[in-house]
Structure formats: C-alpha cells, structure tokens
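Input: a single structure, listed below in structure tokens.
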Amino acid sequence: MRSATHPSAAGHAVRALLFDTFGTVVDWRAGIVREVAPFLSRHGISGRAEDFADGWRERYQPAMQRVRAGERSFVRLDVIHRENLEDLLVAWGAEPGELPAGELDDLTRAWHRLDPWPDAIEGLRRLRERFVVAPLSNGNIALLTNMAKRAGLPWDCILGAEVVRAYKPDPRAYLDTAEVLGLAPSECMMVAAHNDDLAAAASVGLRTAFVRRPTEHGPTQATDLEPTGAWDHVVSDFVELAASLR
C-alpha cells in the first residue's frame, strides 16, 4: 500500500480525505429501522422495519440517476428521500396523503439522525490531525450538518453533492469537490465502503481507501465485503486507516 505522504505520479501528496457517509461513516440501516418500526406500528402498516428500510434505500440510486441523466434538475437528497418514502408507502399499501404530513417530514429526517460506526469519531479525530476531513456524500448540506452535530462528527467542512450540484458517481462530484478545496484530484483520497464509489473516484485521479463495513446491509450482506480494485489502502476501520497513513 502507498503512504499518503508518498507523492503520486503527478507529484502530489494527499492533503484531504473525503468520506462517503451513508454506510461508511454512519450505520444508516440500523438508524432507519429504529425510526421506521414505531411509524409502521402506529399506522397499522404490516411488515418488517428492516424490509422497509431496505426498500427505501433501494430507491436511492435510481432516483439520483434521473438527475445524473439530465431527466430532472438537481434536487436535494431530502427531496429524493421524501419522494421515495411516499412511493414506498404506496407499494406497502398505505396512502401517504392520509398520513400526517408532519410525521412524514419527521420520518424523512431520520436520515439526519443516523449513528456513527463505533470507530468513526475517534478515527476522524486522529485523521483530522494531519488531513482535511470532509464528507463527499450525496447527502445535502442540512442533512450532513445535522448528522454531524448530533453524532459529534469532527468534519473540517461540509462538502458533497449539494455543494457541487452533482451526485456520485458523476465525475463532477469528485473533481469539483477537489476544486472547491483548491486541490488537485491526486491530493484527495476518497474513503468509502463501496467499491463502485472508489472506482469512480480513482477514474478521475483521486487516491482511494476501502473500509470494510460488512454489516452495512445487515447480517446477510453479500456485497462490498472485500475490495475489488487495487485501492491505495484497505482497512477495517478509521482508526486503522489513521495508523496506516502515519
């Protein structure tokens, strides 16, 4: 593995670590299940909260693809999450228009209230001693800010899709984020638990770190258990990443 202080082919050392957030920094599934379960019970909607959470997440990429493909203008992820929630409720036999709008608003904001993985805060604190650390997430600014305030995530700044008006894995999401920081792509390292995110980042010159999150999708997860590319670093958590980048 290459050291973060070792110059790349372009002669640049890594100066910023950019983090995927959902699944890499925070445990989205457990948080959504926690908030979905009482909602389903309260409104007499039958089914497992885990399945509802998975169904909500499954609508994530297809909805963003409409933006990437130019089929609709850029909208914040909060908007997409609310639209996907209503679509999912219909699929589960409920009528969103008959449910309290305030409750739907609050459930949509469950994505603002996700808990970090146990290593995340300590690892970010150690990494922040040497690097700029920021999310490069498809989450919007308010979502990521609220999440950070609640969870104590020590970001240097909030970056991501809303800042650059592009959803990953659109190349602009990575290149324009580097530009916002005044850095070359090779001065930035994408940190993610998802091989496709890292592949997209690497294709436009970012360095890469794969973090194993084998229960992101629950105990039977079958994807992203191991790296599928020649990433610069492969670690089990952020504390290990901090040690490997010394």
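Restricting everything to alpha-carbon atoms, can you work out Rg to Rh for the stretch 178-246 with a Kirkwood hydrodynamic radius?
Checking Rg against Rh, the ratio lands at 1.01.
Just report the Cα centroid separation between the stretch 93-147 and the stretch 27-71, whole Å.
Cα centres, the stretch 93-147 to the stretch 27-71: 14 Å.
Per residue of the stretch 149-156, what does 6.51 cos²θ - 1.76 cosθ + 1.60 with θ = phi - 60° give for ³J(HN,Hα)? Whole Hz please, x for Gly and Pro, Karplus curve as stated.
Residue by residue, the stretch 149-156 yields 5, 5, 8, x, 6, x, 5, 7 Hz.
Considering every pair of different Cα atoms, what Kirkwood radius, in Å, is found for the chain?
Computed over the chain, the radius equals 18.5 Å.
How high is the FRET efficiency between Thr145 and Ala230 when r is their beta carbon distance and R₀ equals 22 Å, given to the nearest 0.05?
0.05
Quick check: residue separation of Ile45 and Glu179 times 0.36 nm, minus the Cα distance between them. What number comes out in nm?
43.6 nm
Farthest toward the dipole's positive end in the stretch 35-94, which of Val67, Ile80, Ala53, given Cβ charges of +1 (Lys, Arg) and -1 (Asp, Glu) about the Cα centre?
Result: Val67, furthest along the dipole toward the positive end.
What FRET efficiency comes out for Glu122 versus Gln221 if R0 is 25 angstrom and r is the Cβ-Cβ distance? Round to the nearest 0.05.
0.60
Shape verdict for the stretch 60-172, please, from the Cα gyration tensor: rounded (a/c under 1.5), prolate (a/b greater than b/c) or oblate.
oblate
Using a cut-off of 15 Å between beta-carbons, work out the net charge of the residues near Arg109 (Lys and Arg +1, Asp and Glu -1, Arg109 not included).
-2
Suppose every Lys and Arg Cβ carries +1 and every Asp and Glu Cβ carries -1, with no other charges. What dipole size does the stretch 55-130 come out with about its Cα centre, to the nearest 20 debye?
For the stretch 55-130, the charge dipole is close to 640 debye.
Among Leu181, Pro169, Ser203, whose Cα projects farthest towards the positive end of the dipole of the chain, with charges put on the beta-carbon of Lys, Arg (+1) and Asp, Glu (-1)?
So the residue we want is Leu181.
Under a 1.4 angstrom probe, counting protein chains only, how are Cys188, Cys157 ranked by accessible area, largest first?
Cys157, Cys188
Taking the Cα centre of the chain as origin and charging only Cβ (+1 Lys, Arg; -1 Asp, Glu), how large is the dipole, in debye to the nearest 20?
680 debye
Arg66 versus Ala91, label points 7 Å from Cα toward the beta carbon: distance in nm?
Rounded to a tenth, the inter-label distance reads 1.4 nm.
Go ahead and estimate [θ] at 222 nm for the chain from helices alone: -39,500 (n - 2.57) per DSSP H run with n ≥ 4, summed, over the residue count, rounded to 500.
Roughly -12500 deg cm²/dmol at 222 nm, from the helical runs in the chain.
Express the carbon and sulfur contribution to the solvent-accessible surface of the chain as a percent, rounded to the nearest whole number, probe 1.4 angstrom.
The computed percentage sits at 50.
Excluding Pro214 itself, calculate the net charge of residues whose Cβ lies under 15 Å from the Cβ of Pro214, where each Lys or Arg counts +1 and each Asp or Glu counts -1.
Result for the local shell: -4.
Could you work out how far apart the two model spin labels at Arg76 and Asp106 are, taking each label as a point 7 Å from the Cα in the direction of the beta carbon, and quote it in nm?
Each label point lies 7 Å from its Cα, and together they span 2.0 nm.
With every protein chain left in place, what is the accessible area per residue of the chain in square angstrom, probe 1.4 Å?
43 Å²
Antiparallel DSSP bridges in the chain: what percent, to the nearest 5?
Bridges in the chain that DSSP calls antiparallel: roughly 5 percent.
The values are calculated or read from the model by the stated rules, or taken from the named source; none is laboratory data. As the structure is a computational prediction, the values presented were derived from the model and not from experiment. Cβ sites come from the backbone with ideal geometry, for glycine too, and all protein chains shown count toward neighbours. Quick note on the areas: whole protein, heavy atoms, side chains included, nothing else; ligands and nucleic acids left out. Shrake-Rupley method; radii C 1.70, N 1.55, O 1.52, S 1.80 Å.
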